[in-house]
Amino acid sequence: MYLKIKFLILTLLFSTNIFCQQKSPNKASLLSIACPGLGQIYNKKYWKTPIILGCIGGAIYGYNFYNKKFNDFKDAYIIRTDNNNSTIDDYLNYSEANLITLQDYYRNQKDLTIILGVIFYLLNVADAYVDAHLFEYNINENLTLNFESAFDQKNHSFNLISLKIKLKE
């Protein structure tokens, strides 16, 4: 499986015209799926890659931290309730109810970091896809966006708020 993923990444990276002017949204999203941040490199948005890797790495670090704490308190509760006097847990200042509460807290935090990691991963793919679509978007000084309102002189009130796009020539 690992070899297949490596082969897919190398094939996508070294295929012809990878750094051409027109970007393929499918290729960008596939690269981001294979390796987070690679789609941003493909789209020449290099500054986004460390942010993406930092967010996903932070989620992984948070998961490991909370998982370790959860297992510590779970083991302490098991040791305390096993009715064996030879085993001593490291958390003597906590009651059994406190140990259960701490287990629940760290389990919730662990689950939250999983959710955040998946959200960061999906945002990474969506960002690469959208950036590839907008790579050739024309940003022109002749394009303006104005909010205009229609003021009713008789009632002295606004009847309509409209959004108008004008092309200056």
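FYI, it's all coordinate maths here, none of it is from the lab. What you see is a predicted model, and the numbers here were worked out from it, not measured in a lab. Cβ placement follows ideal geometry from the backbone for every residue including glycine, while neighbour counts extend to all protein chains displayed.
Observations on the model:
- A Cβ distance below 8 Å, combined with a sequence gap of six or more or placement on separate chains, defines the contacts here; from region 36-55, residues that are in contact (Cβ under 8 Å) with a residue 24 or more places away in the chain reach residues that are surrounded by fewer than 16 Cβ atoms within 10 Å (Cβ to Cβ) and assigned to a loop (DSSP other than H, G, I, E, B) in the pairs Gln40/Tyr46; Tyr42/Ile18; Tyr42/Phe19; Lys44/Phe19.
- A single entry from Tyr121, Tyr46, Tyr42 fulfils the requirement of being in contact with a Ser or Thr (Cβ under 9 Å, 6 or more places away or on another chain), closer than 30 Å to Glu136 by Cβ, surrounded by fewer than 18 Cβ atoms within 10 Å (Cβ to Cβ) and among the hydroxyl-bearing types (Ser, Thr, Tyr): Tyr121.
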